[in-house]
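Report on one structure; see the data block that follows.
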Amino acid sequence: MSLTPPPRTPSSVTPPSVSPPSLTQPSLTTPSATTTGLAPPGVAAPALVPLTRPARLRPGARVAVVSPSGPVPEDRLTAGLDILRGWDLDPVVMPHVLDRHPRFGYLAGADEARARDLQTAWCDPEVSAVLCARGGYGAQRMTDLLDWAAMRAAGPKVFVGYSDVTALHEAFAVRMGLSTLHGPMTAALSFIENAQTQDSLRATLFEPDTVRTLGLGTARTLVPGRAAGVTFGGCVSLLAAELGTPHARPTGRGGLLLIEDIGEEGYRVDRILTQLLRSGLLGGVTGIALGSWEDCTPGEEVRAVLLDRLGGLGVPVAGEFGFGHCSTAQTMPLGVPAVLDAGAGTLTLDVPALV
C-alpha cells in the first residue's frame with residue numbers, strides 16, 4: 001500500500017489510497033435518540049453503560065497519527081514517532097498533520113483537511129489505532145464533518161488523546177459507543193520527555209491486563225468512600241463547551257467522572273463546574289477522580305473550589321491522580337467499568353482497557 005511513509009520524515013508521507021466519504025457535504029444527520037443514545041423529551045436518560053473496547057495492539061501494528069486541533073511542531077512529532085517505532089509500531093503520519101491554517105494560526109490546517117485525515121485513518125483496515133499529535137483547539141470545528149456512519153462501519157479501533165480531544169472522546173462514546181483512551185499525545189512534551197508517561201501508555205496499549213489499578217500513590221482524599229461506575233470525562237472546560245451539541249451526554253448517571261484542566265483561574269473553574277451542575281450532567285455520578293490542574297491559579301483556591309462545587313454531590317472524590325496536562329500524564333480508559341477508592345487513591349478497572 002502507499003500508506004507506509006519514508007522513515008523519520010513525517011512531512012513527506014504519501015496520502016493513503018483509501019477514499020473517504022465526502023467531507024464537504026457531511027452525511028451527519030440530525031441527532032436522534034437512535035444515533036446519540038439520548039432519551040426523548042420527558043423520558044429519563046439511561047445510566048451510562050460500559051462501551052465497546054477495541055483490541056490491544058500487537059508488535060508491528062500500524063498506527064495513524066492525526067492532528068484534529070492545533071498545529072504540531074515538527075521536531076516534537078519526530079521525537080514522538082521515534083518512541084513509537086521503538087515500541088515496534090509502524091506509525092503513519094497523515095497528510096495534513098503538519099499543516100497550519102492560512103488565517104488562524106491556532107489551527108492545524110483547514111477543518112475539512114483535519115477531518116479527512118481522521119476519517120481516512122479510521123476507515124483504513126490496515127490501521128489499528130489512531131493517535132492524536134497534540135491538542136490546543138479545533139476538534140469541535142471538525143467533529144460534525146466526520147461521517148460517523150462510515151467510521152462506525154469500519155469497526156472499533158484504539159483512539160488516544162486528551163485536552164481539546166475531549167470533544168472527540170465524547171463523540172466516539174455517543175456516536176459509536178466506543179471506549180477510548182484519555183492519554184498522552186505523540187508530539188506532547190510529557191510523552192517525549194517522561195518515561196513514566198510513556199510506560200503508562202505502552203502498557204495500556206500492549207499489556208492492558210497489567211494496568212488494572214490506576215494511580216500514582218499521590219492521590220489526596222477530598223471526600224472519602226468507594227464507588228463503582230463507568231468512567232467518562234476529560235478536560236472539564238471541553239465538557240462544558242460540549243453542552244447543547246449533538247455529541248453531548250444528557251446525564252452522567254452511573255458514571256465515574258474523570259476531569260482535569262490547564263491554565264484556568266479559580267473563578268473560571270467555579271463557572272465551569274457550576275455550568276455542569278446546572279445542566280444536570282453531574283446528577284447521578286457515582287464518584288469523581290481529579291487529575292492535573294496545571295497552571296490553574298491560585299492553586300489553593302482551585303482546590304477549595306473543587307471541593308465546594310463537587311463536595312455537595314455526596315459521592316467519593318479524590319484528587320491528584322496524575323492524568324491530563326502534567327508531566328506524568330497517566331493513560332485513563334474512558335467507557336470502562338471501574339471502582340474508585342477515594343481513601344486509597346486508586347481507580348481499579350473491572351476489565352482491561354483493551355481486549
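Size of the dipole of the stretch 184-244 about the Cα centre, Lys and Arg at +1 and Asp and Glu at -1 on the beta carbon, nothing else charged, in debye to 20? Before the final figure, lay out the partial values.
On the way: 4 positive and 5 negative charges, 52 e Å.
So the dipole magnitude of the stretch 184-244 works out to roughly 240 debye.
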Open item on the list: Please list, ordered by chain and number, the residues whose modelled amide H lies under 5 Å from the amide H of Thr180; skip anything fewer than 5 residues away on the same chain.
Closed with: Leu334
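Using only Cα atoms, what Kirkwood radius does the stretch 270-355 have, in angstroms?
Working: mean 1/r = 0.0706 Å⁻¹.
Averaging 1/r across every pair of different Cα atoms and inverting gives 14.2 Å.
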Task: Listed candidates (1) 25.0; (2) 21.3; (3) 20.2 - label of the one calculated as Kirkwood radius over Cα pairs in Å - done: (3)
TODO: Apply the Karplus parameterisation 6.51 cos²θ - 1.76 cosθ + 1.60, with θ equal to phi minus 60°, to every residue of the stretch 186-194 and state each ³J(HN,Hα) to the nearest whole Hz, in sequence, with x for glycine and proline.
DONE: 4, 9, 7, 4, 4, 7, 6, 9, 10
Open item on the list: At 222 nm, what value in deg cm²/dmol follows for the chain if DSSP H runs of at least 4 each add -39500 (n - 2.57) and the sum is divided by all its residues, to the nearest 500?
Closed with: -8000 deg cm²/dmol
TODO: Give me the distance in nm between label points sitting 7 Å out from Cα along the Cα-to-Cβ direction at Arg278 and Arg152, one decimal.
DONE: 3.3
Open item on the list: Give me log10 I(q)/I(0) at q = 0.15, 0.21, 0.27 Å⁻¹ for the stretch 90-167, Debye formula, one equal scatterer per alpha-carbon, no solvent.
Closed with: -0.50, -1.00, -1.57
Task: Dipole of the chain, positive direction: furthest Cα of Val317, Pro156, Leu243, with charges on the beta-carbon - done: Pro156
Open item on the list: So, R0 is 25 Å and r is the distance between the beta-carbons of Ala304 and Leu216; what FRET efficiency does that work out to, to 0.05?
Closed with: 0.65
TODO: Calculate the spin-label point distance for Thr297 paired with Thr245, positioning each point 7 Å from the Cα along the beta-carbon direction, and give it in nanometres.
DONE: 2.9
Task: Inter-label distance for Arg100 and Arg85, nm, one decimal - labels placed 7 Å from Cα along Cα-to-Cβ - done: 2.5
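Tell me, what is the percent relative contact order of the stretch 101-148, built from C-alpha pairs under 8 Å that lie six or more residues apart?
On the way: 29 pairs, mean separation 21.3, N = 48.
Normalised by residue count, the contact order of the stretch 101-148 is 44 percent.
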Task: Electrostatic dipole magnitude of the chain [Cβ: Lys, Arg +1; Asp, Glu -1; Cα centre; debye, to 20] - done: 680
Task: Most mobile listed residue (Pro208, Pro68, Pro184) in the chain, GNM with C-alpha springs under 10 Å - done: Pro208
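Laboratory data are not the source of any read-out in this text; all were calculated from the coordinates shown. As the structure is a computational prediction, the values presented were derived from the model and not from experiment. Virtual Cβ from ideal backbone geometry, glycine too; neighbours counted across all protein chains shown.
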